[in-house]
Amino acid sequence: MKPRPVIAGNWKMNMDPLEAREFFRAFHPEFSPGRHPTLLIFPPFVTLAAALNARPEDPRVELGVQNIFWEESGAFTGEVSAVLARAAGATHTLIGHSERRHVFGEQDEDVARKVGAALKAGLVPVVCVGETLEERRGGRLQEVILRQLDAVLPVLSNDADATFILAYEPVWAIGTGETATPDDASQAHGMLRRRLQERLGDVRAADTPILYGGSVKPDNAAELLRAPEVDGVLVGGASLDPASFLAIARAGMPLT
Ligand code: PGA
């Protein structure tokens, strides 16, 4: 039997504090503490405090940030460190999301430094990997996602207690309405899991959730969540609406 899934929502550059409060207000009547998957929501930095205040009081509803900078403090105008994010109440951080890599030019080395900073500050990194359509068509799926994973493995293997989450998000499926099939997801997750086994051992590999992300919607979530090796989903667009986010969560496990 699969462990309890992780259902994560990446709000990207959407949702102001008022909208976050509205989101969770709609959420409450539907919500039965204890009978739901682990829910992880990534609001923008400026909305984190409002989301923390408005979320249901349940340890399995956690909030993270969408990015961090690797330095702890100092003259880095506009950046937010892992230490600051942790102090503001975040427990997790996305790292290496494809928009960070492709819109903002983040490199594998940057991603690795950020993972190190997150662990040091006590944030759980959610490390995102994924190939572009061109790379996939060129038969480079395995090479690309394992290269992205290999970049962070030294940091993770240095710290035997480090908890982390992986997210496989094919770039061609993000925000496009194109979803990987459950078989596509299982295949890529299997490659990632085998690499984790080789480098970190069977126990840590089995304990590390691997989420699928890319156009996850209420109508495709159940089949993706049933696919072998898929331990949860990372949802962008469909996480902005509480009804669709809850429907996806329900696909992971009945809420009532
Ligand atoms: P999407 O985004 O669900 O809107 O495709 C997923 C993500 O970027 O995490």
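Label zone of Asp16 (point 7 Å out along Cα→Cβ, amide N under 20 Å): in the stretch 45-62 this covers 45-55.
Applying the Karplus relation 6.51 cos²θ - 1.76 cosθ + 1.60 with θ = phi - 60° to the stretch 150-156 yields 3J(HN,Hα) values of 4, 4, 9, 5, x, 5, 6 Hz, where x marks Gly and Pro.
Packing around the peptides 186-192, 157-163, 4-10, taken as the average count of other Cβ atoms within 10 Å per residue, puts them in this order, highest first: 4-10, 186-192, 157-163. Helical runs (DSSP H, four residues minimum) scored at -39500 (n - 2.57) apiece and divided by the length of the chain put the mean residue ellipticity at 222 nm at -13000 deg cm²/dmol. Computed from label points 7 Å out along Cα-Cβ, the spacing between Ala87 and Asp241 is 4.0 nm.
For Ile41, the residues whose amide H sits under 5 Å from its own are Gly9, Glu62, Leu63, Gly64, ignoring neighbours fewer than 5 places away on the same chain, with H placed 1.01 Å from N. Packing around the peptides 115-123, 15-23, taken as the average count of other Cβ atoms within 10 Å per residue, puts them in this order, highest first: 115-123, 15-23.
Rounded to the nearest 0.05, what FRET efficiency is calculated for Lys120 and Asp183 with R0 set to 25 Å and r the Cβ-Cβ distance? Efficiency for this residue pair is about 0.10. Scaled against the 2.2 N^0.38 Å expected of a compact globular protein of N residues, the Cα radius of gyration of the chain reads 0.94. Candidate cross-link partners of Lys120 among the aspartates and glutamates, defined by an alpha-carbon separation under 15 Å and a same-chain spacing of 8 or more, comprise Glu71, Glu72, Asp159, Asp161. Extension gain for the segment Asp58 to Leu133, taken as residue separation times 0.36 nm less the Cα-Cα distance, is 23.1 nm to one decimal.
Considering the stretch 136-251 at the alpha-carbon level, its Rg and Dmax are found to be 14.5, 41 Å. Given a cut-off of under 8 Å on Cα pairs at least six residues apart, what relative contact order in percent is computed for the chain? Relative CO of the chain lands at 22 percent.
The dipole here belongs to the chain: it is taken about the Cα centre, uses +1 on the Cβ of Lys and Arg and -1 on the Cβ of Asp and Glu, and is about 420 debye.
Readers should treat all values here as calculations from the given coordinates under stated rules, not as data from a laboratory. What you see is a predicted model; the values in this text were computed from it and never measured. Neighbour counts are summed over all protein chains in view; Cβ atoms, including those assigned to glycine, are modelled from backbone coordinates with ideal geometry.
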